[in-house]
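**Student:** Okay, here's the structure, questions in a sec.
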Amino acid sequence: MGRPWGVLTGVRPTKKARKLLSQGISYANLPKILRKEYKLHKPKINLLLATMQNQEIVQCESLVDFYVNIPICPTRCSYCSFISAELKYVEKILPDYLDVLVQEIHDAKEIIAQNNLKVRSVYVGGGTPTVLSATQLEQILMELDFGKVEFTVECGRPDTITKEKLLVLKKYGVSRISINPQTFSEKTLQKIQRKHTVQDVFDAFALAKSMGFSINMDLIAGFEGENFATFKKSLGKAMDLKPDNLTVHTLSIKRGSCLQGQRVTNKTVSKMVNFASKKLLRAGYVPYYLYRQKNQLGNLENIGYTRPGKQCIFNVDSMEETVSIMACGANAISKMVDHKNQKITRAANAKFLPDYINRIKEEINKKINLFQNK
C-alpha cells in the first residue's frame, strides 16, 4: 500500500493544495503536481480535490468564530490522548471553573466589540460538554448570545444526553450537535471503556432528531479486535440513521492513550476507509473537511462527510485556518488570522482546570494582545 499521502506530513492537506494554487499552479495542473512532486496516490488526490470543491472558504478580517472548551468527560476512552479530565476527579472545582469560564466569555465578548468583529459561528467542544448538568449548561449557553449564527454543541457521548439538556440547548439557539458512537460493536464499546450501549446511541439519536437538531456522528476505523465486517456493520447502522454529517476517523495511537494492543493491519484499515467513502458517496454524502494526525494506521486520514448544504461552518474554518478563533476555557487556543501578511498567531490557555482558574487574568490579557491589531 505504501504511503497514500506521499511525502505530505502536515495535518491539513487542503491548505497545501490551496497554497500551490495561490503560487500560480493552475487547478488543471494541480493533480499532476500532487502526484509527481508530492507522491500522492490518485485516490487521495481525488479526495483532496472533492473536499475543496465542497468547502465555502471565507477570508474576512472582521469575522471570528467563537469556541468554548469543556475538557471534561464522564470516563476516559482507552484510545483518547486529549487533555480531558474525568468528571469524578474535577467535580469539586467544576463550579469554580464554570464561574471563571463565564468571566472569560464576558471579557472575550468585549474584545470582539472593541475590535468591531462579528461572530460567524459558535462551537462548544471538549471533552464532552453535555457531561454538565442542564443547569450548568444553561450557565454557559446563556452567555453565548450572538444572534442567528451556526451554533454547535459537541454532545458526543450518548449516555450524557437527556431531554432536559436538549431543551436547554434548544432554548439558546443550538442547531447542531454530535452523537458519536465510534462503533456499533458492544464488545468494542466495553473494551474502549465508552460505558454506554449501542441502544443508548439509538435512543439519543431518536430523541435529538425528534427535537429538530442537525446531527453529526463519528465512527473510528481500526479498533483492536474489529475486522472489515465489524466496521461495515457499524457504518451500515450509522447510515441507517441518516445523520446530516458522518465523520470517519482512522485510529491514531498516541503516547497519552491507554490503548496499546494489537491492531488491525494497514491493509484492512485502508479497506475500511475506502469502503466507507464509496458507500457514503453513493448515498449522496460528500467530503467537506479532512485532516491527518500522527500515528494514524495506514498513514491515512479523518474525513468529514455531509449531506449537501449541511456543512459545519466551524469545522471548515478551523481546519482550513481561514477565520480567526476566539477560544475560551482550559486548553482552548485562540487564533488570529492575518490574511494580508499570511500569518497566524496563537494564544493558548492553560491546559488544566486548576491552572486555568488561577491564571484567568493572564488568559484574558493574551486575547487582548492577540486581537488588538486585528
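**Student:** Go through the stretch 359-368 and give me each residue that's out of contact with any Phe, Trp or Tyr (no Cβ under 9 Å at 6 or more places or on another chain) and surrounded by 13 or more Cβ atoms within 10 Å (Cβ to Cβ).
**Tutor:** The answer is 359, 360, 364, 365, 366, 367, 368.
**Student:** Could I ask something else about it? Limited to the stretch 28-51, what total is found for residues that are within 23 Å of residue 305 (Cα to Cα) and not aliphatic (A, V, I, L, M)?
**Tutor:** Of the residues in that region, 7 qualify.
**Student:** If the requirement is being closer than 28 Å to residue 285 by Cα, part of a loop (DSSP other than H, G, I, E, B), at pLDDT 95 or above and among the aliphatic types (A, V, I, L, M), which of these qualifies: 40, 49?
**Tutor:** The match here is 40.
**Student:** Name the single residue that is surrounded by the most Cβ atoms within 10 Å (Cβ to Cβ) among those in the stretch 178-198 being assigned to a helix (DSSP H, G or I) and touching a Pro at 6+ places or on another chain (Cβ under 9 Å). Explain how you work it out, then say what you get.
**Tutor:** Our first condition is that a residue be assigned to a helix (DSSP H, G or I); within the stretch 178-198, this holds for 186-191, 198.
Those left that are additionally touching a Pro at 6+ places or on another chain (Cβ under 9 Å): 189, 198.
Numbers: 189: 21, 198: 16.
This residue is 189.
**Student:** Looking at 295, 216, 315, 227, which is the one that is more than 19 Å from the chain's Cα centre (by Cα) and among the polar types (S, T, N, Q)?
**Tutor:** Details: 295 fails: more than 19 Å from the chain's Cα centre (by Cα); 216 fails: more than 19 Å from the chain's Cα centre (by Cα); 315 fails: more than 19 Å from the chain's Cα centre (by Cα).
Criteria check complete, one pass: 227.
**Student:** Next question, about the same structure. Pull out all pairs, ordered by first then second residue, where Cβ-Cβ is under 6 Å, the residues are six or more apart or on different chains, the first lies in the stretch 49-63 and is buried (at least 17 other Cβ atoms within 10 Å of the Cβ), and the second is in a helix (DSSP H, G or I) and hydrophobic (A, V, I, L, M, F, W, C).
**Tutor:** Pairs found: 55/316.
**Student:** Take the conditions surrounded by 18 or more Cβ atoms within 10 Å (Cβ to Cβ) and over 27 Å from residue 305 (Cβ atoms) and apply them to residue 101. Does it pass?
**Tutor:** Spelling it out, residue 101 is indeed surrounded by 18 or more Cβ atoms within 10 Å (Cβ to Cβ) and over 27 Å from residue 305 (Cβ atoms).
**Student:** Considering every residue within the stretch 299-313, establish whether at least one is surrounded by fewer than 21 Cβ atoms within 10 Å (Cβ to Cβ), free of Cβ contacts under 8 Å to residues at least 24 places away in the same chain and over 30 Å from residue 99 (Cβ atoms).
**Tutor:** Yes, the stretch 299-313 has at least one match.
**Student:** Report yes if residue 134 is out of contact with any strand residue (DSSP E or B) (no Cβ under 8 Å at 6 or more places or on another chain), at pLDDT 95 or above, among the small types (Gly, Ala, Ser) and closer than 29 Å to residue 209 by Cα, otherwise no.
**Tutor:** Here the answer is yes, as residue 134 does meet what is asked.
**Student:** Based on this model, can you work out whether residue 287 counts as surrounded by fewer than 13 Cβ atoms within 10 Å (Cβ to Cβ) and either on the phi < 0 side of the Ramachandran plot or not assigned by TED's automatic domain parsing to the domain that holds residue 115 (or both)?
**Tutor:** Taking the combined requirement at face value, the residue does not satisfy it.
**Student:** Assuming residue 342 fulfils every condition listed in (1) at pLDDT below 95; (2) on the phi < 0 side of the Ramachandran plot apart from one, which condition is it?
**Tutor:** (2)
**Student:** Which ones in the stretch 83-92 are touching a Lys or Arg at 6+ places or on another chain (Cβ under 9 Å) and in a loop (DSSP other than H, G, I, E, B)? Outline the logic, then answer.
**Tutor:** Start the filter on the stretch 83-92 by keeping residues that are touching a Lys or Arg at 6+ places or on another chain (Cβ under 9 Å), which leaves 83-86.
Correct list: 83, 84.
**Student:** Oh, and also: Go through (1) closer than 26 Å to residue 252 by Cβ; (2) in a helix (DSSP H, G or I); (3) hydrophobic (A, V, I, L, M, F, W, C) one by one and return the number of the condition residue 101 breaks.
**Tutor:** (1)
**Student:** So which residues in the stretch 56-73 are in contact with a strand residue (DSSP E or B) (Cβ under 7 Å, 6 or more places away or on another chain) and assigned to a loop (DSSP other than H, G, I, E, B)?
**Tutor:** 62, 71 - these are the residues of the stretch 56-73 that are in contact with a strand residue (DSSP E or B) (Cβ under 7 Å, 6 or more places away or on another chain) and assigned to a loop (DSSP other than H, G, I, E, B).
**Student:** Among the candidates 86, 110, 37, single out the residue that is acidic (Asp, Glu), closer than 30 Å to residue 6 by Cα and either in contact (Cβ under 8 Å) with a residue 12 or more places away in the chain or loosely packed, with under 14 Cβ neighbours inside 10 Å (or both).
**Tutor:** 37
**Student:** Which residues, counting only those in the stretch 13-46, are closer than 14 Å to residue 299 by Cα and either of a type in the set (A, V, I, L, M, F, W, C) or touching a helix residue (DSSP H, G or I) at 6+ places or on another chain (Cβ under 6 Å) (or both)?
**Tutor:** Residues satisfying the conditions are 13, 40.
The values are calculated or read from the model by the stated rules, or taken from the named source; none is laboratory data. Nothing here was measured: the structure is a model prediction, and the numbers come from that model. Neighbour counts run over all protein chains shown; Cβ positions are idealised from the backbone, glycine included.
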